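Just below is one structure, and these are the notes that go with it.
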Amino acid sequence: MTEQTNDEQAFEFEHALGQLEQLVLQMESGELSLQDSLQAFEQGVRLTRQCQQALSAAEQRVQILMEQNGQSQAYPFNGTDNSSNGGGSYNA
């Protein structure tokens with residue numbers, strides 16, 4: 001079982017992404033008042049920062065695991081889809 005801090009337990013990445021999607025839909029609808037739009041934008045910025053921090057932490061954990069397994073060479077990620085499986089590719 002992995003240990004997590006209270007902050008990590010309280011923050012759920014997928015939930016935050018869902019909230020961001022809802023905020024975008026609300027703001028794009030044009031039905032929010034200026035004040036509500038500003039509040040939604042501020043909340044979106046907070047959620048985006050939390051997501052970025054979670055992604056950075058996950059990337060660091062993967063790097064540490066790779067180093068522990070003797071695979072310390074990092075490969076740049078090519079985000080273009082050049083494979084038939086629908087995912088990005090790694091350039092070694």
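The values are calculated or read from the model by the stated rules, or taken from the named source; none is laboratory data. None of these values were measured; they are calculated from a predicted model. Note: ideal-geometry Cβ built from the backbone for every residue, glycine included; neighbour counts use all protein chains shown. Heads up: the accessible areas ignore ligands, DNA and RNA and are worked out on the full protein's heavy atoms, side chains in. Shrake-Rupley method; radii C 1.70, N 1.55, O 1.52, S 1.80 Å.
Scan the range 32-58 for residues that are within 17 Å of the chain's Cα centre (by Cα), open to solvent by 60 Å² or more (accessible area, probe 1.4 Å) and over 15 Å from Q19 (Cβ atoms) and jot them down.
At the first step, the residues of the range 32-58 found to be within 17 Å of the chain's Cα centre (by Cα) are 43-58.
Remaining after also requiring open to solvent by 60 Å² or more (accessible area, probe 1.4 Å): 43, 46, 49-50, 52-53, 55.
Within the range 32-58, Q53, L55 meet the criteria.
Evaluate the range 74-92: report whether one residue or more is at pLDDT 90 or above, polar (S, T, N, Q) and open to solvent by 100 Å² or more (accessible area, probe 1.4 Å).
Going through the range 74-92, the residues at pLDDT 90 or above turn out to be none.
For the range 74-92, residues at pLDDT 90 or above, polar (S, T, N, Q) and open to solvent by 100 Å² or more (accessible area, probe 1.4 Å): absent.
Considering Q39, Q63, which residue is modelled with pLDDT of 95 or more and not aromatic (F, W, Y)? Let's see the steps before the verdict.
Numbers: Q63 fails: modelled with pLDDT of 95 or more.
Being modelled with pLDDT of 95 or more and not aromatic (F, W, Y) holds for just one of Q39, Q63, which is Q39.
What are the residue pairs meeting all of these: first residue in the range 1-24, first residue over 16 Å from L55 (Cα atoms) and open to solvent by less than 70 Å² (accessible area, probe 1.4 Å), second residue modelled with pLDDT of 70 or more and small (G, A, S), Cβ atoms under 7 Å, and 6 or more apart or on different chains?
L23/A40; L23/G44
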